[in-house]
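Enquirer: What follows is a structure written as structure tokens; I'll ask about it next.
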């Protein structure tokens, strides 16, 4: 949770001593842009529980009478849809009785919003664990984590549901070292789907390509959660998530772990993660059971597989003169202001539904129909150099562009350009050369930018505010 959200939640949180019948609020202990989590005392059973309150910061605030009130009447539809999804998720979780799943005790409505009371879990999220105790993460620790986590996800899948929000901050490591898979984030996703910009909210690096195409659920299945789980394991081993799946569909820079061979990790585990992160959904393990079997794949078979991979010709790389960083271009579209740095969600403008054959094609077919925006925290060491960023901008650019030329690049932006299209950045003409997929790339430092694309199809304008690291995509044709 970001410092800004912590301050907002502290202001909006119910005060200690507030009662819901037998439940007494003790303190606010967490939350994000869509809810507040409290520690509470159950006077009837004399135990500590957790209470989660539906409180979307962008839509509602706390009134003097402690009720939740809308910021504007126009938010009523979104608020109601989010609250209904929140309640439905509570009902779903209450059906399960698995030690690796969030156990819901009760849910109710009050104060103009909804609440769920859950078992109180001590410990910290996997994201916090990776930050605070990275030295404890090794293959033995991961293999101890996997059985209860596999069991929790399998329980959801066998009931006919998908989680679709598996990430490091949605897995709680208890004091007994057992993991608990937390809530589905249903309210957040429902609000995103129904917002005026028809945005969907996804976590960068953890969402597979099919989650960017939400017209129906036909393309999604257990393999969707398996990709996210693979991204979690990749992050634990490497220190950062794999590249965003939509970026991979443009230019796949993912390096298989079975080739990298990080020290201390076996080939069966690394191969299983690589398979889980396959872009083609049909080539991933189709069930948790298949993934579990891969983890124990005999080393000889993995060695053979790795040898086969190493013998394949390398993927063609863009020559420096055909797509240099100096000719990379332009960031884009609406970044949802409710998405925080601590809850790094990416906002995507309603993409068209991609069929299974299209998913099997590479970037060209996929990106011809997609118009997606995302934010991605990147490793500073992988960011383009200051010199490269400076070369992308003209010497006489306006103030923000000048700042970008003298500061390290913060955001990488992919911009779809057609034949004959011209690009202006802060009213300065940019000489750019799209890559083979029709995308130019721009590396921008922090600042405010005005993007203009002139083409035979019409003119496109976009205001951009770069204030944190990210990878963005713009398709002006949509």
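Enquirer: Could you list, in sequence order, the residues of segment 121-140 that are in contact (Cβ under 8 Å) with a residue 12 or more places away in the chain, more than 23 Å from the chain's Cα centre (by Cα) and assigned to a helix (DSSP H, G or I)?
Expert: Within segment 121-140, 139 is the sole residue that qualifies.
Enquirer: Give just the number: which of (1) farther than 19 Å from residue 39 by Cβ; (2) surrounded by 13 or more Cβ atoms within 10 Å (Cβ to Cβ); (3) out of contact with any strand residue (DSSP E or B) (no Cβ under 8 Å at 6 or more places or on another chain) does residue 166 not satisfy?
Expert: Here residue 166 clears every test but (3).
For (1) buried (at least 16 other Cβ atoms within 10 Å of the Cβ); (2) part of a loop (DSSP other than H, G, I, E, B); (3) over 20 Å from the mean Cα position of the chain (by Cα); (4) at pLDDT below 95, each residue gets a yes or a no:
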site	(1), (2), (3), (4)
228	yes, no, no, no
233	yes, no, no, no
270	yes, no, yes, no
318	no, yes, yes, yes
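Enquirer: Identify all residues within segment 450-459 that are closer than 23 Å to residue 246 by Cβ and surrounded by fewer than 19 Cβ atoms within 10 Å (Cβ to Cβ); write none if there are none.
Expert: 455, 457
Enquirer: Would you confirm, using the coordinates I've provided, whether residue 414 is outside the structural domain of residue 252 (by TED's automatic domain parsing), touching a helix residue (DSSP H, G or I) at 6+ places or on another chain (Cβ under 7 Å), in a strand (DSSP E or B) and modelled with pLDDT under 75? Full working, then the answer.
Expert: Values: outside the structural domain of residue 252 (by TED's automatic domain parsing): yes; touching a helix residue (DSSP H, G or I) at 6+ places or on another chain (Cβ under 7 Å): yes; in a strand (DSSP E or B): yes; modelled with pLDDT under 75: yes.
When the stated conditions are applied, residue 414 passes them.
Enquirer: What is the residue count in segment 152-186 for residues that are without any contact (Cβ under 8 Å) to a residue 60 or more places away in the chain, in a helix (DSSP H, G or I) and more than 19 Å from the chain's Cα centre (by Cα)?
Expert: Adding up the residues that qualify gives 3.
Enquirer: Also: Whether any residue in segment 77-90 is in contact with a strand residue (DSSP E or B) (Cβ under 9 Å, 6 or more places away or on another chain), assigned to a loop (DSSP other than H, G, I, E, B) and modelled with pLDDT of 90 or more is what I want to check.
Expert: no
Enquirer: Just name the residue that is modelled with the lowest pLDDT out of those in segment 423-449 that are over 24 Å from residue 246 (Cα atoms) and surrounded by fewer than 23 Cβ atoms within 10 Å (Cβ to Cβ).
Expert: Result: 431.
Enquirer: Can residue 141 be described as out of contact with any helix residue (DSSP H, G or I) (no Cβ under 8 Å at 6 or more places or on another chain), surrounded by fewer than 19 Cβ atoms within 10 Å (Cβ to Cβ) and under 21 Å from residue 230 (Cβ atoms)?
Expert: On the way: out of contact with any helix residue (DSSP H, G or I) (no Cβ under 8 Å at 6 or more places or on another chain): yes; surrounded by fewer than 19 Cβ atoms within 10 Å (Cβ to Cβ): yes; under 21 Å from residue 230 (Cβ atoms): yes.
Here the answer is yes, as residue 141 does meet what is asked.
The values are calculated or read from the model by the stated rules, or taken from the named source; none is laboratory data. This one's a predicted model, so the numbers in the text were calculated from it and none came from an experiment. Here the Cβ is made from the backbone with ideal geometry for all residues, glycine too, and neighbour counts use every protein chain on show.
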